[in-house]
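First the structure, in the form of structure tokens, and then the observations on it.
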Amino acid sequence: MGVKESKYLQVKQSVRGQIENGILKPDDKLPTEAEYAALYNVSGITIRRALTELAEEGYIRRLKHKGTFVSSAGGSAGGSRLIALIFYVENHDDSSYIRIIKGAQNMASACGYSLIVEWSDRDVSHEADIMKKMLDMNVEGFLIYPYDPVKSVGNYRWLEEKGLPFVLLDRYDINYPCYFSGCNNYDGAAIGTKMLLEKKHRKIRFVGYEYFLKSEQERFEGFCDTMRREGAEAAEDYLILDADYDMLAGQIKRGEITALFCCNDRLAVKVLRELRERGIRIPEDVSVMGFDDWKGMSDMADLTTLRQDFDQVGANAAYLLLSVIQGKLQGNPVKLLSDVSLVMRGSVRDACGEALSG
């Protein structure tokens, strides 16, 4: 055993012993690398190697700008090997949510971890209660699919104070940088808008659902920027929120609108039903497209949409979280965005031609 290796092992075994013997307790913040280097009279490289291995083995968590913390699992060899997914959903039976869970679970399993899933509602206090319950189970980190990430900032700060890493899925607060996994909303909207323009549509409106979400705002930005780049008009009043379907049907009948770009499929299905009840034919009178390609929803068979890879979103989120837990990822918060692809079905037609399908 070389001198350098001997020194790094001595440091590693010393810190691990303090954790296992309870001298350092779960969630305790450890000294800095510089402080450890002075304490053990070794180089920073030696300390870094020892701490990196302890992080990989689950004894500690290393968070950039926050410090190094003892694992919530209390320092048992390898840690608890548990991560938690807190999921806000409107429909528990929607298979697209299951695909996110599956992607995260497969990635966690491949890295030797197990995933615990809890469903939350819109109440941030309920989300906080779940976090506390999961903490009692010694989870090492959180994947969070929130209802409103802005309202949940207090919960994120609490996790950071505890030294627990977390990754947000699908939606985030632009003013609260964090690790994030989602789809490329802007480019996806650009792809859909360009397709509608290629089909000779110019009188297009964007229909919003929960516009407080940054993901939805990014889709509208992609829509507007693409309209302008292609020489079509786009203004703030091209965004329809809380649609008055009687008024909307009238605009369509008068030829003022030829296509509707809905921010997601859930809203697109509602738009289809409401317009058909008012005698509007899809796509003869107006073309309608969505975003997400949600599986298992009624009326989806005919909807042109933009497909996001939900399995990849889940897998990317778990990958980010485990990389932080194991000390492999440090630095500024990272965003991983999955690709979006166009799915042509029968709800869109050329403004001057026949209905399109398949």
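The values are calculated or read from the model by the stated rules, or taken from the named source; none is laboratory data. In this text the structure is predicted, and so the values were computed from the model without any measurement. Here the Cβ positions follow ideal geometry from the backbone for every residue, glycine too, while neighbour counts run over all protein chains shown. Side chains are part of the model used for accessible areas, which takes the heavy atoms of the whole protein and leaves out ligands, DNA and RNA. Shrake-Rupley method; radii C 1.70, N 1.55, O 1.52, S 1.80 Å.
For Leu82, the residues whose modelled amide H falls within less than 5 Å of its own, excluding neighbours fewer than 5 places apart on the same chain, are Ser114, Glu140.
Rolling a 1.4 Å probe over the protein heavy atoms gives the chain an accessible area of 44 Å² per residue. According to the Kirkwood relation over distinct C-alpha pairs, the hydrodynamic radius of region 88-136 is 12.2 Å.
Taking amide H as placed 1.01 Å from N in the peptide plane, Tyr179 has its amide H under 5 Å from the amide H of Leu168, Val334, each at least 5 places away in sequence or on another chain. Remark: for residue pairs Lys295/Lys328; Lys162/Lys328; Lys66/Lys132, the C-alpha separation exceeds 24 Å in Lys295/Lys328. Computing semi-axes √(5λ) of the Cα gyration tensor in Å for the structure here picks out one of (i) 34, 21, 19; (ii) 50, 19, 16; (iii) 41, 23, 16, namely (ii). Here the Karplus curve 6.51 cos²θ - 1.76 cosθ + 1.60, taken at θ = phi - 60°, turns the phi angles of region 242-256 into couplings of 6, 4, 8, 6, 5, 5, 4, 4, x, 4, 5, 5, 8, x, 7 Hz, with x standing for Gly and Pro.
Listed by chain and number, the lysines whose alpha-carbon sits under 17 Å from that of Lys253, ignoring those within fewer than 8 places in the same chain, are Lys203. Mean separation of Cα pairs under 8 Å and 6 or more residues apart, divided by the residue count, gives region 120-221 a relative contact order of 23 percent. In terms of packing, defined here as the mean over residues of other Cβ atoms within 10 angstrom, the peptides 187-193, 108-114 line up highest first as 187-193, 108-114. In order along region 178-194, phi translates into HN-Hα couplings of 7, 5, 8, 10, x, 9, 7, 4, 4, 5, x, 5, 5, 4, x, 5, 4 Hz, rounded to whole numbers, per the Karplus curve 6.51 cos²θ - 1.76 cosθ + 1.60 with θ = phi - 60° and x for Gly and Pro.
Each Cα pair under 8 Å and six or more residues apart adds its separation to the average, and for the chain the resulting relative contact order is 19 percent. In sequence order, region 263-276 has phi-based couplings of 5, 7, 5, 4, 6, 4, 5, 5, 4, 4, 5, 5, 5, 5 Hz under the Karplus curve 6.51 cos²θ - 1.76 cosθ + 1.60, θ = phi - 60°, and Gly or Pro positions carry x.
Just so you know, the Rg over Rh for region 211-358 is 1.05, from Cα atoms, with Rh as the Kirkwood radius.
Compared with the dominant Cα axis of the chain, that is its longest principal axis, helix 3-20 is turned about 80°.
The calculated FRET efficiency for the pair Lys335 and Asn138, based on their C-beta separation and a Förster distance of 22 Å, comes to about 0.20. Annotation: amide H-H contacts under 5 Å for Val89 (H modelled 1.01 Å from N, sequence separation of 5 or more, or interchain): Ser120.
With all protein chains in place and a 1.4 Å probe, the accessible surface of region 200-284 carries 43 percent carbon and sulfur. Peptides 236-249, 279-292 ordered by packing proxy, namely the average of other Cβ atoms within 10 Å per residue, highest first: 279-292, 236-249. Distance between the 7 Å Cα→Cβ label points at Arg122 and Tyr245: 2.0 nm.
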